[in-house]
Amino acid sequence: MARRATRLEWSAAPGRTKTCARRATDTNLCGIHVSFTDVRRFIHTPRIRLQSLDLHRREAAVERPNEVWTMSVAIGVAKAVVSQPPQAATWPVFETPLVRRELVAAGTMSFTFAKPQGWSFRAGQFVDITLIAPPMTDAEGDTRGFSISSAPVEDVITITTRLRPSAFKRSLQMIPLATMVKIEGPFGDLAIDPARPAVVLTGGIGITPFRSMVVEASRDGGFAQRVVLVYSNRRPSEAPFLAELQQLAQSDPNLVFVPTMTDVDTSEEWSGERSRIDVSLLRGHLQGVSSAIYFLDGQPEPIYYLTGPPGLVRALRTMLVDVGIADQDIRTEEFTGY
């Protein structure tokens, strides 16, 4: 997982409201110094009192001196006021060593850290990782947010990310094993509702929180409701956890795993789906799940979970709304690289 854009509205004084957007790594928000990764962490920041939260995605045009930013709002809109002076973080903060690096797909690596005794998280959550005295740095700083790709039942903390030429990721590849990093969290509430069927539409590195969920569910006897997991990549060699997810789906009758490749070349064998995620693809795999795309009487309506690059998530959301999926039945998470 990578950082998310977040738009926050706060009241600086009675009758005045300001709006601004910042990347998750920014610490000065419209003149108020806060530390947050997304709005769900923000509402736990003790110096801010949340007034309201609107979880609908939208485009935000943000004016600043001499520039205008236009970005996708990945989390939502919050209205907040200053409630008290800055206080210490109320979430876990600890240092732990890097214990393993593993290339899990072309251009994608997992980084595994020791899991402290007594620390826990829920499948689908994320953490902030800070490199301590890294070999290189840049204007973005030394802290990034990542989904946890390991499952709570596993005895490590693993994050999985696309490899980019940023100072942070280059440093993460360079530091020796046993190097200590600082971890904060967990944060976030992305989770599959056990009371309703789920349709998960994801691409690329957006699979990371769902790898955690699938592994966790497999240890608990499988998902309680039907889960259709549609996973898009260009080619099999670029798809993290592909073989593992295929194997786990075989042992869970409620999990339908649909990997699809959009640009398979002649050097790789692939007998599965070869299209982008569209209505036609979904119609062929939503048996057992009632929806506006595939109707099956007597079944509860599913919730749609969309994760991946911002462009993919926006396109999928538009597609679902166009075929009649209710907005309140769509959950989205946008991942960007850095």
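Each value in this text was obtained by applying a stated rule to the coordinates, not by laboratory testing. Note that the structure is predicted; figures quoted are calculated from it, not measured. We place every Cβ from the backbone using ideal geometry, glycine too, and count neighbours over all the protein chains shown.
Averaged across orientations, what area in nm² does the convex hull of the alpha carbons in the stretch 107-256 project?
9.5 nm²
Check each of the chymotrypsin sites (Phe, Trp or Tyr not before Pro) in the stretch 208-282 and keep only those in coil by DSSP with at most 15 other C-beta atoms within 10 angstrom; list them in order. The partial results should precede the final answer.
Working: sites: Phe210, Phe223, Tyr231, Phe241, Phe257, Trp270; in loops: Phe223, Phe241, Trp270.
Loop-located and lightly packed - Trp270.
Provide, as a two-decimal number, the C-alpha radius of gyration of the stretch 137-198 over 2.2 N^0.38 Å, N being how many residues it has.
On the way: Rg = 15.0 Å, N = 62, 2.2 N^0.38 = 10.6 Å.
After normalising by residue count via 2.2 N^0.38 Å, the value is 1.42.
Pop a pseudo-label 7 angstrom from the Cα along the beta-carbon direction at both Ile132 and Asp263 and give the gap in nm to one decimal.
Once both label points are built, they end up 4.1 nm from each other.
Using 0.36 nm per residue of separation minus the Cα-Cα distance, give me the extension gain between Arg170 and Val93 in nm, one decimal.
That works out to 25.4 nm of additional length.
Write down, largest first, the equivalent ellipsoid semi-axes of the stretch 93-187 in whole Å, where each equals the square root of 5 times an eigenvalue of the alpha-carbon gyration tensor.
20, 15, 12
Treating only the Cβ of Lys, Arg, Asp and Glu as charged (+1, +1, -1, -1), what charge dipole size does the stretch 146-228 show about its Cα centre? Round to the nearest 20 debye.
Rounded to the nearest 20 debye, it is 440 debye.
Which residues' amide hydrogens lie under 5 Å from the amide hydrogen of Thr260, considering only partners 5 or more residues apart or on another chain, with H built in the peptide plane?
Amide H neighbours of Thr260, under 5 Å, 5+ apart: Tyr231, Ser232, Asn233.
How much length would be gained if the chain were fully extended between Ala224 and Asp189, taking 0.36 nm per residue of separation minus their Cα-Cα distance, in nm to one decimal?
Using 0.36 nm per residue and subtracting the Cα-Cα distance, I get 10.7 nm.
Subtract the Cα-Cα distance of Gln117 and Arg234 from 0.36 nm times their separation in residues, and report this length gain in nm to one decimal.
Here the answer is 38.2 nm.
So what is log10(I(q)/I(0)) for the stretch 198-334 at q = 0.20, 0.21 1/Å, when the Debye sum runs over its Cα atoms only?
At q = 0.20, 0.21 Å⁻¹ the computed log10 ratios are -1.28, -1.40.
For the stretch 174-281, run through the GluC sites (Glu not before Pro) and keep only the ones in DSSP coil with at most 15 other Cβ atoms within 10 Å of their Cβ.
Filter output for the stretch 174-281: Glu268, Glu269.
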